[in-house]
Amino acid sequence: MVFEFAKLLFQFGGAVLIAWLAVRWALARYKSEKLWDRRLAAYADVISAVAELERLNELWFEEALGSTFDEETTQEQIASYTSARRRVRDALAVGWLIMPSRSQNVLNDLQRWFDRTSRVRGPSDGSIHLEEGALVGQALIELKQEGRRLLEINEDEHGG
């Protein structure tokens with residue numbers, strides 16, 4: 001009788017232990033996947049914003065060389081540029097929580113540049129777009145590399 005009770009108690013304890021371990025594993029996996037999803041969303045948004053800044057800087061630099069501007073198109077571009085800058089600033093706040101320091105440093109460098117050049121420029125400021133374009137282009141490369149590394153995305157499988 002005592003042996004049977006001890007056997008049942010041991011089986012019950014074992015079942016509780018296995019259930020507890022399974023729940024801990026499932027919860028850890030869930031948290032890990034949620035963090036991965038949030039990091040992916042953060043990198044996707046900031047890379048999209050930086051790519052938009054790069055596109056506009058290149059476009060404005062080329063327009064400044066040719067001195068041809070369409071005022072209506074320029075206003076739309078400035079609005080897009082302002083929005084992209086805002087998204088970079090917002091990504092910096094999120095980055096403090098879920099991005100590694102390398103990505104935070106890249107975003108900090110961009111934000112410092114934006115703070116120094118607070119006035120949104122249009123196509124007529126060619127020299128500023130050349131300088132900003134270089135900074136933005138390098139930031140885009142570094143953010144893509146760091147995002148791929150952090151998210152364990154193989155470059156060969158998913159393109160350059």
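The values are calculated or read from the model by the stated rules, or taken from the named source; none is laboratory data. Model, not experiment: these values are computed from the prediction. Don't worry about glycine lacking a Cβ; one is built from the backbone with ideal geometry, like all the others, and counts go over all protein chains shown.
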* Asked: Identify, please: which residue in the range 53-73 is modelled with pLDDT under 70 and acidic (D, E) and is, among those, surrounded by the most Cβ atoms within 10 Å (Cβ to Cβ)?
  -> D70
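State whether the residues of the range 121-129 include one that is of a type in the set (S, T, Y), part of a helix (DSSP H, G or I) and modelled with pLDDT under 85.
Scanning the range 121-129, I find at least one residue that is of a type in the set (S, T, Y), part of a helix (DSSP H, G or I) and modelled with pLDDT under 85, so the answer is yes.
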* To do: Considering (1) within 11 Å of the chain's Cα centre (by Cα); (2) among the hydroxyl-bearing types (S, T, Y); (3) surrounded by 17 or more Cβ atoms within 10 Å (Cβ to Cβ), say which one Y81 fails and leave the rest.
  => (1)
* **Scan of the range 1-43 for residues that are among the charged types (D, E, K, R) and surrounded by 10 or more Cβ atoms within 10 Å (Cβ to Cβ), ordered by number** => K7, R24, R29, K31, E33, K34, D37, R38, R39
